[in-house]
Amino acid sequence: MTNTTNTTNKKTDVLSNKSDRTSSEQTGLDPTESREISEQDWKSKLTPEQYKILREKKTEMPFSGKHLREKRKGIYKCAGCGCELFSSDTKFESGTGWPSFTNPINRENVILREDGSLFMSRIEVLCKKCGGHLGHVFNDGPRGKNRYCINSACLDFKENKDF
């Protein structure tokens, strides 16, 4: 997921709040959770696309994800471990080709980490519970908020009409 704007200043803005950074940021893992899942177990649990994105940090093709045009009310959970990540209430159309959210359902459920891959400076979003790669966050969302740009394949959707 690329962002054509200057990300140097945006990176500082996204990570500037110390409450957004956790001690688990160094490893990407929740220290209270067991991490004894082998790569073979991940491969059998996830679809090939989910494995490539969650475990190998790849990106799905833009405008191809199953949740891009999802309009129902509900919760988006990590496809790897079931951790609640995003609410439909914070989802918006960004025009980037990936589901976008202004913030996670609970900031404690995600980890933000500097990512210098692909010759860019971005902020990676990881699931705190399983360490799976979800996407990236930028500070160019609506009304001065962040844009969590998340791969659909990383998410399972649970409809909740009362939400």
Along the Cα→Cβ direction, 7 angstrom out, place labels at GLU39 and ASN160. What is the inter-label distance in nm?
3.6 nm
Can you work out the FRET efficiency for the pair ARG107 and LYS71, with r the C-beta to C-beta distance and R0 = 25 Å, to the nearest 0.05?
0.50
With the 8 Å Cα cutoff and a minimum separation of six or more residues, region 37-159 has a relative contact order in percent of 28 percent
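Give me TYR148, TYR51 sorted ascending by neighbouring Cβ count inside 10 Å, so fewest comes first. Each step should come with its number before you reach the end.
Numbers: TYR148 28, TYR51 19.
If I rank by nearby Cβ atoms, fewest first, I get TYR51, TYR148.
Set the bar at 26 Å for Cα to Cα. Now go through LYS45/LYS77; LYS52/LYS77; LYS58/LYS128 and name every pair that lies beyond it. Walk me through the numbers on the way to the answer.
On the way: LYS45/LYS77 15 Å; LYS52/LYS77 18 Å; LYS58/LYS128 18 Å.
The pairs that break the limit, which is 26 Å between Cα atoms, do not exist here.
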Enumerate by residue number the trypsin sites (Lys or Arg not before Pro) in region 110-163 meeting two conditions: DSSP loop (anything except H, G, I, E, B), and at most 15 other Cβ atoms within 10 Å of the site's Cβ.
LYS145, LYS161
Net +/- balance of residues flanking HIS133 in space, Cβ distance below 11 Å, scoring K and R +1, D and E -1:
+2
Per the Debye formula with a single identical scatterer at each Cα and no solvent contribution, what log10 I(q)/I(0) holds for region 37-159 at q = 0.10, 0.21 Å⁻¹?
-0.27, -1.27
For HIS133, HIS67, order by how many other beta-carbon atoms lie within 10 Å, fewest first:
HIS67, HIS133
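Can you tell me the FRET efficiency between SER117 and ARG143 if r is taken as the Cβ-Cβ distance and R0 is 30 Å, rounded to the nearest 0.05? Don't skip to the end; give the middle numbers.
Details: r = 29 Å, r/R0 = 0.98.
FRET efficiency, SER117 to ARG143: 0.55.
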At a 10 Å Cβ-Cβ cut-off, how would you order MET120, MET61, fewest neighbours first?
MET61, MET120
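A short reminder: the numbers here are calculations on the coordinates, not readings from a lab. Quick caveat: nothing in here was measured; it's all calculated off a predicted structure. All Cβ positions, glycine included, derive from the backbone under ideal geometry; neighbour counts span all protein chains shown.
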